[in-house]
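J.: One structure coming up, written as structure tokens, with questions to follow.
FYI, it's all coordinate maths here, none of it is from the lab. Model, not experiment: these values are computed from the prediction. Neighbour counts run over all protein chains shown; Cβ positions are idealised from the backbone, glycine included.
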Amino acid sequence: MIRLRLDPIACDGRGLCLELLPERIRPDSWGYPIIHPEPVPAALVAAARRAVAACPQLALRLEGGAPAVAPARSG
Amino acid sequence: MTVACPPAAVARDRGRLLATERALAAAMRLPEHRRRHGGPPWHELPAAPAAGLIQLADAVDLRGRGGAGFPVARKLEAVTRSRATPMLLVNGVEGEPLSAKDRALLTAAPHLVLDGAMVLAVAIGAAAVVVATQARTLPGLERALAERGGQDPVPIRLAATPQAFVAGEETALVHWLMARDPRPTARPPRPFERGLDNRPTLVQNAETVAQVALLAAHGAAGYRSAGTPGEPGSTLVTLSGAVRWPGVYEIEVGSPVAQVLARAGGPTQPIRAVLAGGYFGAYLPAAALDRLLWSRAGLGQWGANSGAGVIHLLASSRCPARDAAHLATILARESAGQCGPCVHGLAAIAAGLRRLAAGPPGALDRELAQLHLWMDEVRGRGGCRFPDGSVATIASALRVFADDWEAHAVGGCVAGAGAAASLAGGGR
């Protein structure tokens, strides 16, 4: 299962990914990408790779395999 | 914490964490601390200390007291999974503007926190302990360390932190200590994988660490002698707003909020609402105060959580719409400014609330729909949980003060025009 992940700190909302993968990425009210939470279907993996490669901030990545589980914050 | 002290209350010695009715300036010295809690508690740890402490923490379902309520045992497991020697970071930053309990605890009972730090450090085999808190809290800790005379089994360092809201977030704190940048980091590794000195790092809130000391010193049975079967122990709360004696109080988990309000001299005015948990909490109607029990279960019934232990009373003479708009404005200002949805979204939401509170904006339904859309677009989209916590509190304000938003939309204010926001000056 391949998932798209966004680093929201790195993302500066330039929006190249929005044009390259409109099927999985849509803009919010301020132009920042909202990523579809479901895994990327096989037919879109190539387009997803292009969107990842196009990000000038390297904020987007593709993740395969088991998702990491982590304690979120100090409590 | 510079509040008048009720003379009768100080004599009532009911605390586990705090020896007096309220956290006052005087620190408990080491000899008195040892009389109350016994010898250094890390001597009591079993041969396999990590497993033993994990079992003990699970036995009382000990949760973090910094706001997220994460199980202590799970964090212990995570940080001991690696073969690398870990670090322990005691988080006493307390960025929550309405909370004073961690600093009160570090000031009034420094040895309890330091004992707990040693129990954790020995259990996980830590290379060192760092206690991080705001600069004004450090002198008391320095005195306490001097009293201990270097007898602790693991070296302890103290570190001063910024006062910013987000600076207490776990990744922000590690970021500050490693690179002098107090902003959260979103990318792995997480602190339990690689944190201080590039070692796996266990980060625990200061009150949580003191709870570990109590647990190690008095055992699971002793720990369970307070609280409820599901949520044993005691906890610290910070009372503020329209209450006679604001300050930090220790209560049994599951006890009625009305009880601690009575200890604090009761409300000074008729109450409109209570902000439970803190800036990352929930507004509840005043009617909740009669029945509300301070526990995950009790607060959960009202859609709230204990958060950082804040109980802020909002007087009915205040305008809750302006109060909520003010809170949203502070939250927007305190964003670390890194993630687009948090920066732009919280600013837009705060401006929307200010427009509504200033009234009359016209079509209330449209304004509210816009606010809810923005909140949906902000939730879950930050590098840390700051935007989520902020939006949850704002959503509760829209819910609980529905009548007030409506009144403002037609140019009126239930609380009377010109009421100032109580959060501006009523905090501490």
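J.: Suppose R0 equals 35 Å; then what is the FRET efficiency for A:Glu38 and B:Arg29 from their Cβ-Cβ distance, rounded to the nearest 0.05?
T.: 0.05
J.: On to the next question. Expressed as a rounded percentage, what relative contact order does chain B have, with Cα pairs under 8 Å and six or more residues apart?
T.: It comes to 16 percent, rounded to a whole number.
J.: DSSP beta bridges in the protein assembly as shown, what fraction antiparallel, as a percent rounded to 5?
T.: 60
J.: Let me ask you something else. Could you give the spread of the C-alpha atoms of chain B along their three principal axes, from largest to smallest, in whole angstroms?
T.: Cα spread of chain B along its principal axes, largest to smallest: 68, 51, 37 Å.
J.: Give me the percent relative contact order of region B:320-425, please, defined on Cα pairs under 8 angstrom at least 6 residues apart.
T.: Answer for region B:320-425 is 38 percent.
J.: Right, another one. Kindly work out what percent of the DSSP beta bridges joining two residues of region B:2-223 are antiparallel, to the nearest 5.
T.: Restricted to region B:2-223, the bridges split so that about 5 percent are antiparallel.
J.: I need B:Phe165, B:Phe401 ordered by Cβ neighbour count within 10 Å, fewest first.
T.: The most exposed by this proxy come first: B:Phe165, B:Phe401.
J.: Counting only C-alpha contacts under 8 Å and six or more residues apart, can you give the relative contact order of region A:3-63 as a whole percent?
T.: 48
J.: Quick one: check the C-alpha center-to-center distance for region B:64-109 versus region B:114-188, whole angstrom.
T.: 9
J.: Taking 0.36 nm per residue of sequence separation and subtracting the Cα-Cα distance, how much length would be gained by fully extending the chain between B:Val410 and B:Arg379, in nm to one decimal?
T.: 8.2 nm
J.: Next question, about the same structure. If I take R0 = 22 Å and measure r between the Cβ atoms of B:His372 and B:Arg333 in this structure, what FRET efficiency does the formula 1/(1 + (r/R0)^6) give, to the nearest 0.05?
T.: 0.50
J.: Work out from phi, with θ = phi - 60° and the Karplus expression 6.51 cos²θ - 1.76 cosθ + 1.60, the ³J(HN,Hα) of each residue of region A:6-14, listed in order in whole Hz, and give x for Gly and Pro.
T.: Working through the residues one at a time gives 10, 8, x, 6, 6, 4, 10, x, 6 Hz.
J.: Further, regarding this structure: Antiparallel DSSP bridges in chain B: what percent, to the nearest 5?
T.: Counting DSSP beta bridges with both partners in chain B, the antiparallel share is about 50 percent.
J.: Residues in region B:254-279 near a label at B:Arg291, defined as backbone nitrogen under 20 Å from the 7 Å Cα→Cβ point?
T.: B:254-262, B:271-277
J.: Additional query: Work out from phi, with θ = phi - 60° and the Karplus expression 6.51 cos²θ - 1.76 cosθ + 1.60, the ³J(HN,Hα) of each residue of region B:182-193, listed in order in whole Hz, and give x for Gly and Pro.
T.: Coupling constants for region B:182-193: x, 10, x, 10, 9, 7, x, x, 7, x, 5, 8 Hz.
J.: Here's another thing I want to ask about it. Please give the peptides B:331-342, B:307-318, B:387-398, A:6-17 ranked by average Cβ packing (other Cβ atoms within 10 Å per residue), highest first, as a rough proxy for protection.
T.: Ranking the peptides B:331-342, B:307-318, B:387-398, A:6-17 by packing returns B:307-318, B:387-398, B:331-342, A:6-17.
J.: Something else: Check which residues have an amide H placed less than 5 Å from B:Arg157's amide H, if you skip close sequence neighbours.
T.: Close amide H contacts, sequence-distant or interchain: B:Val129, B:Val130, B:Val131.
J.: Can you pull the three principal axis extents for the Cα set of chain A, in Å, largest first?
T.: For chain A, the Cα extents along the three principal axes come out at 40, 29, 20 Å.
J.: Counting partner chain Cβ atoms within 10 Å of every residue's Cβ in A:3-13, what's the average?
T.: Per residue, the average neighbour count from other chains is 5.
J.: To the nearest whole percent, what portion of all C-alpha pairs in region B:234-315 is separated by more than 18 angstrom?
T.: Value for region B:234-315: 27 percent of Cα pairs lie more than 18 Å apart.
J.: Rounded to the nearest 0.05, what FRET efficiency is calculated for B:Ala358 and A:Leu62 with R0 set to 56 Å and r the Cβ-Cβ distance?
T.: 0.75
J.: Would you calculate the volume per residue, in Å³, of the smallest convex hull containing every Cα atom of the protein assembly as shown?
T.: Each residue corresponds to 144 Å³ of Cα convex hull volume.
J.: I want to check the label-to-label distance for B:Arg244 and B:Asn198. Put each point 7 Å from Cα in the C-beta direction and report it in nm to one decimal.
T.: Result: 5.9 nm between the two label points.
J.: Taking just the alpha-carbon atoms of region B:2-223, what radius of gyration and Dmax come out, in angstrom?
T.: Rg and Dmax of region B:2-223, Cα atoms, are 16.6, 53 Å.
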